[in-house]
Amino acid sequence: MASRGPLCVGIDPHPALLASWGLDDDAEGLRRFSLTVLEAVASLAAAVKPQVALYERHGSAGMAVLEEVLATARDEAVLSIADAKRGDIGSTMAAYADAWLRDESPLAADSVTLSPYLGFESLRPALDLAAETGRGVFVLALTSNPEGASVQHVGGKDSVARRISAAAAAENSRYEGNLGSVGLVVGATVGSALKDLDLDLAAVRGPILAPGLGAQGATPAGLRATFGDAYPLVLGTSSREILSAGPQIRGLREAALRTLDGLRGE
């Protein structure tokens, strides 16, 4: 983020996007789409975020494409965030951690998104393995979908979201330096919820993944207003706004650069 700017590009091969690029909704279309996005933005973005569900829907062939995407991201020196939203207990959570965070795993990513709604401590296998391997996690804290409030806002000033944020801050105390490796997912379009719930995201001392730039309505100026003092931690995420500029490499790069300039305040 310091060297490239705070942009994450989502790699979301929705069927409609594949069609708009003139690609078939199959594993080969998925591969061409994903690798084209990587070629366009790998040198510009701090991270790319493949949406795992859109690879899973193609079965084993789609997951093989995802393995190639993650390997290519490593080769291109751009960080990868596997947007898998995994969450479970015991040995099952340990297996998820092993899949996404173990060095030798074919699905190893630099970080993975996790759901803490079986209890933050249920994520312990992933938290510990990320620390061991030098990887990271992004824990769902405050999402912008309307249904999220029914869980995340419960408790008011002592909300579920605030407790998750506090747990992430405590976990980051194991890390030295400016940022710990336990980040949060906070939607770019949450509006006044941070203030309403009295969330101090700057105290988390971890990166804030903020999906929703562009097509979902969030703007760089809006991000600065929403996150306030925590804005230096924010990794703004844009998917459809950039992806719709394809399939040409030049169009994708120009769209990514426009978004990046906005996030930098240029």
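The values are calculated or read from the model by the stated rules, or taken from the named source; none is laboratory data. It should be emphasised that the depicted structure is a prediction, and the values quoted were computed from it without experimental measurement. Cβ placement follows ideal geometry from the backbone for every residue including glycine, while neighbour counts extend to all protein chains displayed. Side chains are part of the model used for accessible areas, which takes the heavy atoms of the whole protein and leaves out ligands, DNA and RNA. Shrake-Rupley method; radii C 1.70, N 1.55, O 1.52, S 1.80 Å.
Taking the solvent-accessible surface of protein heavy atoms with a 1.4 Å probe, what is the per residue accessible area of the stretch 153-266 in Å²?
Solvent-accessible surface per residue comes out at 46 Å².
If one computes the Cα centroid of the stretch 13-49 and of the stretch 234-266, what distance in Å separates the two points?
Measuring centre to centre over Cα atoms gives 14 Å.
Convert each backbone phi in the stretch 26-34 into a coupling constant with the Karplus relation 6.51 cos²θ - 1.76 cosθ + 1.60 (shift: θ = phi - 60°), then list the ³J(HN,Hα) values in order as whole Hz, x for Gly and Pro.
Per residue, the Karplus-derived 3J(HN,Hα) values read 9, 4, 5, x, 4, 5, 4, 4, 5 Hz.
Can you pull the percent of the stretch 9-78's accessible area that's carbon plus sulfur, 1.4 Å probe, other chains left in place?
Working: 1240 of 2670 Å².
In the stretch 9-78, the share of accessible area belonging to carbon and sulfur is 47 percent.
Which percent of the accessible heavy-atom area of the stretch 139-266 goes to carbon and sulfur, probe 1.4 angstrom?
Values: 2940 of 5840 Å².
With neighbouring chains kept in place, the figure for the stretch 139-266 is 50 percent.
Which value, in debye to the nearest 20, describes the size of the charge dipole of the chain about its Cα centre when Lys and Arg Cβ atoms bear +1, Asp and Glu Cβ atoms bear -1, and nothing else is charged?
Details: 23 positive and 32 negative charges, 122 e Å.
Taking the Cα centre of the chain as origin, the dipole is about 580 debye.
Go through His14, Asn178, Phe227 and say which Cα lies farthest out towards the positive end of the charge dipole of the chain; charges sit on Cβ, +1 for Lys and Arg, -1 for Asp and Glu.
Phe227
Enumerate the calculated ³J(HN,Hα) couplings along the stretch 71-84 in order (Karplus 6.51 cos²θ - 1.76 cosθ + 1.60, θ = phi - 60°), each rounded to whole Hz, writing x wherever the residue is Gly or Pro.
5, 5, 4, 4, 5, 8, 6, 10, 5, 10, 10, 7, 8, 9
Would you work out if the stretch 142-266 is rounded, prolate or oblate? Take a ≥ b ≥ c from the square roots of the eigenvalues of the alpha-carbon gyration tensor; rounded if a/c is under 1.5, else prolate when a/b is larger than b/c, oblate otherwise.
prolate
Please compute the modelled spin-label separation between Asn178 and Ser192, points set 7 Å along Cα→Cβ, answer in nm with one decimal.
3.2
Going 7 Å from the Cα of Ala61 toward and past its Cβ, which residues in the stretch 77-100 have a backbone nitrogen under 11 Å from where you end up?
Zone members listed by number: none at all.
Quickly rank 222-228, 7-13, 37-43 as a protection proxy: mean count of other C-beta atoms within 10 Å, highest first.
Ranking, from highest mean packing down: 7-13, 37-43, 222-228.
Classify the chain as rounded, prolate or oblate from the Cα gyration tensor: take a ≥ b ≥ c as the square roots of its eigenvalues, call it rounded if a/c is under 1.5, otherwise prolate when a/b beats b/c and oblate if not.
Numbers: a/c = 1.62, a/b = 1.23, b/c = 1.32.
Oblate is the answer for the chain, as a/c is 1.5 or above yet b/c matches or exceeds a/b.
For the pair Ala53/Asn145, report the inter-label distance in nm, with labels modelled 7 Å from Cα in the Cβ direction.
Simple spin-label model gives 0.5 nm for this pair.
Could you work out how far apart the two model spin labels at Asp229 and Asp261 are, taking each label as a point 7 Å from the Cα in the direction of the beta carbon, and quote it in nm?
3.3
When a/c reaches 1.5 or more, the comparison of a/b and b/c decides; with that in mind, is the stretch 93-146 rounded, prolate or oblate per its Cα gyration tensor?
Working: a/c = 2.20, a/b = 1.70, b/c = 1.30.
Since a/c reaches 1.5 and a/b is larger than b/c, the shape of the stretch 93-146 is classed as prolate.
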